[in-house]
């Protein structure tokens, strides 16, 4: 492993995982979202490379916060036939460079896991600022990696440990129940997303669905929903009527949510106006008000912003320098 | 260093330099340009990150050739105050991934040097296909790294060893003369670019000039010019009248040269039509004719295409697997 004097440090996942221990990713994401919404972050449009044959898609996100030490480039891939080969669908790495000189400081070979964690931490930020004061039951739609990471991340910001998870495969539901029970959650399972709407007032949707899984009439008064799964123009987990009737609709990035995610559907359908969408960072920074009453229905749409990658990669590198 | 089974190999410059020994980069670039011009390469638009304060600029180039094994992402930076700190202005790395799975295969910590080499190899491709049959004297405009690399790369495709180099600093000219003489060139120096036009019939321009350094009336019959320096919309080394009156104007990438480099200036000024521009890869592939007579004036405009990065990174990785 090269030292910073002679090139970037190169860290593999086990080393990164160790450095993450004790890091406050929720605060790191809050800092990033606030910087972003206050215009202190430089985040160019996402680069995309499509591998038609695999099939696979690669996204390149990059940016920096003005006045910080680093800029970050992240390469993240999704190859959805990988599981047939015994490989994870997701992969990638994060690269950290000095803002002052362009010198590479760190190559984080995280295999896409830091993206999972920063996305989950953003879900925790959303819940921290927008969940109702009493969460009766956490509803998780989906049983994949992000469903697990979201629930884990909520532990730090929500006291409730009652969980209802919905999925299409009984085996996947059972595996989820077992794993998450080990973390102290009381997990019930269902094959019906509508049961989630019925029994939970903090809901996180984590699927790659192209059809709405939840409808407006099902959603209870005072529910908060964080929609994580849709990050493209065609994916959709929530009926647009949910956003149309919500008391508050929040975007991680308004400019991205215009084109991708739940908000883009509602805008295209004309049931939501851009002026009614608030950025998460504006709430975190105190420039906008979050939840106003326990009766409000609130929705946060997370599409993933490069500033989150900047924050988590910087946090890992600072931890390395402190402990290494 | 991680093995391919457990993550990408990580190579530093000294290891990369060793692997380059014996690699035929001119053939690699020909292969890349031909694939590109025949539509077999996928090369999305270049990503750009500007660091206003440093000041610095970062370019992210990425792509692949259909049917190959790898896709490549390159991060290249230019921080022009770095030399004051005793650092090179350029830096960066190349990343190689499996087209089938997205798994990272190689992290090439080349500090930007592979970009210098693939750019120089492209200059050699241009000279191989477009230089007049008898080169009387090679003219190099500029005394920097790329001026050296271009001349080195020409050794493999041009017999002529007589060189005239122009620059603004007598000390830099003398350093260039000494270094290149050691490679077997007979180098004369001049402070006047017009002397290059007067005495050379193979010219390579390598400066970051924003003002034309050569004009049309100076250029001799039968001269070939490769313009390497201009890679942005505002940089310009050649008077547009040179391109207007040339018998053949060649782009490395027509879609890039529309926006950047010498050709973009001539198109904007209306003295050159896009239909009169040929791609270098079309000539290499035999889909277009190169130099037609020893009297022709030909110009190749190199702006740098990601497919070159794909080819050089792939060549280094294959050499590693063969020898490693």
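Since every read-out is calculated from the coordinates, none of them should be taken as a lab result. Bear in mind the structure is a predicted one, so any value in this text is a computation, not a measurement. All Cβ positions, glycine included, derive from the backbone under ideal geometry; neighbour counts span all protein chains shown.
Before moving on, here are some points about what is shown:
- Calculated FRET value between residue A:199 and residue A:234, using beta carbons and R₀ = 22 Å, to 0.05: 0.15
- Of B:267, A:109, the sequence from fewest to most neighbouring Cβ atoms within 10 angstrom is B:267, A:109.
- The distance from the alpha carbon centre of the range B:71-123 to that of the range A:209-279 is 40 Å, rounded to a whole number.
- The reciprocal of the average 1/r between distinct C-alpha atoms defines the Kirkwood hydrodynamic radius, which for chain A equals 20.0 Å.
- Inter-probe distance in nm under a simple model that places probes 7 Å from Cα toward Cβ, at residue B:218 and residue B:162: 1.9 nm
- Estimated FRET transfer efficiency (residue A:188, residue A:13; beta-carbon r; R0 51 Å; 0.05): 0.95
- Under the criterion of Cα pairs below 8 Å and six or more residues apart, the relative contact order for the range A:116-305 equals 22 percent.
- Note on residue A:318 and residue A:276: the model spin-label points, each 7 Å out from Cα along the C-beta direction, lie 3.8 nm apart.
- Normalised by residue count, the range A:116-305 yields a Cα convex hull volume of 97 Å³ per residue.
- Helix axis angle, A:25-37 relative to chain A longest principal axis, alpha carbon, degrees: 90 degrees
- Stretchable slack from residue B:40 to residue B:295, in nm (0.36 nm times residue separation minus alpha-carbon distance): 88.4 nm
- Nearest-ten-degree value, helix B:145-154 long axis tilted from longest Cα axis of chain B: 80 degrees
- Of A:104, A:83, A:14, the residue with the greatest mean-square motion in the GNM of chain A, using alpha carbon springs below 10 Å, is A:83.
- Dividing the Cα radius of gyration of the range A:111-154 by its Kirkwood radius returns 1.00 for Rg/Rh.
- Value of Rg/Rh across the range B:1-68 [Cα atoms, Kirkwood radius]: 1.07
- Partner shielding of A:69-79 amounts to 4, given as the average count of beta-carbon atoms from other chains within 10 Å of each residue beta-carbon.
- With neighbour counts taken as other beta-carbon atoms within 10 Å, the residues A:58, A:250, B:278 rank, fewest first, as B:278, A:58, A:250.
- In degrees, nearest ten, helix B:113-130 long axis to first principal axis of chain B (Cα): 50 degrees
- Across all C-alpha atoms in the range B:38-82, the radius of gyration and Dmax reach 13.9, 42 Å.
- Shortest-first distances to equivalent copies, position residue A:259, nm, label 7 Å out along Cβ: 1.3
- Estimated FRET transfer efficiency (residue B:48, residue B:179; beta-carbon r; R0 30 Å; 0.05): 0.40
- The packing ranking of peptides A:238-245, B:310-317, highest mean first, is B:310-317, A:238-245, where packing means the average number of other beta carbon atoms within 10 angstrom of each residue.
- Cβ crowding within 10 Å ranks B:84, A:235, B:74 as B:84, A:235, B:74, fewest other Cβ atoms first.
- With label points set 7 Å from Cα along Cα→Cβ, the inter-copy distances at residue A:295 are 9.1 nm, sorted shortest first.
- Counting DSSP beta bridges with both ends in chain A, the antiparallel % (nearest 5): 45 percent
- Cα-based convex hull, the range A:87-171, per residue volume (Å³, whole number): 121 Å³
- Sorted shortest first, the distances from the residue A:84 label point to those of the same residue in the other copies are 5.7 nm; each point sits 7 Å from Cα along Cα-to-Cβ.
- Computed [θ] at 222 nm, deg cm²/dmol, chain A (DSSP H ≥ 4; -39,500 (n - 2.57); rounded to nearest 500): -10000 deg cm²/dmol
- Shielding score for A:35-48, defined as the mean number of other chain Cβ atoms within 10 Å: 2
- Our analysis of the range A:12-110 gives Rg over Rh at 1.02, with the two radii drawn from alpha carbon positions and Rh computed by the Kirkwood formula.
- Label-zone membership for the range B:190-234, site residue B:171, 7 angstrom Cα→C-beta point, backbone N under 13 Å: none
- One way to sum up the overall shape of the protein assembly as shown is the equivalent ellipsoid from its Cα gyration tensor, whose semi-axes run 53, 24, 22 Å, largest first.
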